[in-house]
Amino acid sequence: MGVVITKDSIDLGIVTTDAGPMLKFYRDTLGLKVEGEMEMPGGNHMTRLACGTTTLKIVVNAKVPADKAAPGGIGGATGLRYFTISVSNLEQATNELAEAGYRVVVKPREIRAGVTISMIEDPDGNWVELLQIG
């Protein structure tokens, strides 16, 4: 049977110990709009950012987690290693992120006919792929 999907996208949660740099990256530099903020059980705090129909959730736990995600993006470990945002201005966005001091781990390149990507590291070391078609 499986699940009955009710939304055309998935939502992503990123747990961090410091929302400030993450919001500067996702809200201020990438331009994602704040949908809202809320306190969660246990004293945790969530800021929700709109990315198309996806919601990106930046979560700060009241208690600092014991472990951090393995660094190194795609080659660093198994599990969720990056996510993709489709854009229409990949070159410009990548340049702006680089000029703002963020690490471009994959410079813009065509991966197949008509599809260009770049990958940028957020302040916590998560990789964000920008993808442009056409």
Open item on the list: I need to check one value: relative contact order of the chain, counting alpha carbon pairs closer than 8 Å and at least 6 residues apart, in percent.
Closed with: 20
TODO: Any chance you could get the radius of gyration and Dmax over the Cα atoms of region 1-43, in Å?
DONE: 14.2, 42
Open item on the list: Run the reach check for residue 63 against lysines, Cα to Cα strictly under 28 Å, same-chain hits fewer than 8 apart removed. What comes back?
Closed with: 24, 33
Open item on the list: From the helices alone, meaning DSSP H stretches of at least four residues, give me the mean residue ellipticity at 222 nm for the chain, per-run term -39500 (n - 2.57), in deg cm²/dmol to the nearest 500.
Closed with: -3000 deg cm²/dmol
TODO: Quickly rank 103-111, 24-32 as a protection proxy: mean count of other C-beta atoms within 10 Å, highest first.
DONE: 24-32, 103-111
Task: Cα-based convex hull volume of region 71-134 per residue, rounded to whole Å³ - done: 78
Task: For the chain: span of alpha carbons on each principal axis (Å, largest first) - done: 48, 42, 30
Open item on the list: Can you tell me which aspartates and glutamates have their Cα less than 18 Å from the Cα of residue 68? Leave out same-chain residues fewer than eight positions away.
Closed with: 18, 121, 122, 124
Open item on the list: For the chain, take the longest principal axis of its alpha carbons; what is the angle in degrees between that and the long axis of helix 90-99, to the nearest 10 within 0 to 90?
Closed with: 60
- [ ] Out of all DSSP beta bridges with both ends in the chain, state the antiparallel percent to the nearest 5.
- [x] 70
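Read-outs throughout are calculated quantities, based only on the coordinates presented, and are distinct from any laboratory measurement. These numbers come from a predicted model, not from an experiment. Reconstructed Cβ throughout: ideal geometry from the backbone, glycine too, with neighbour counts over all protein chains shown.
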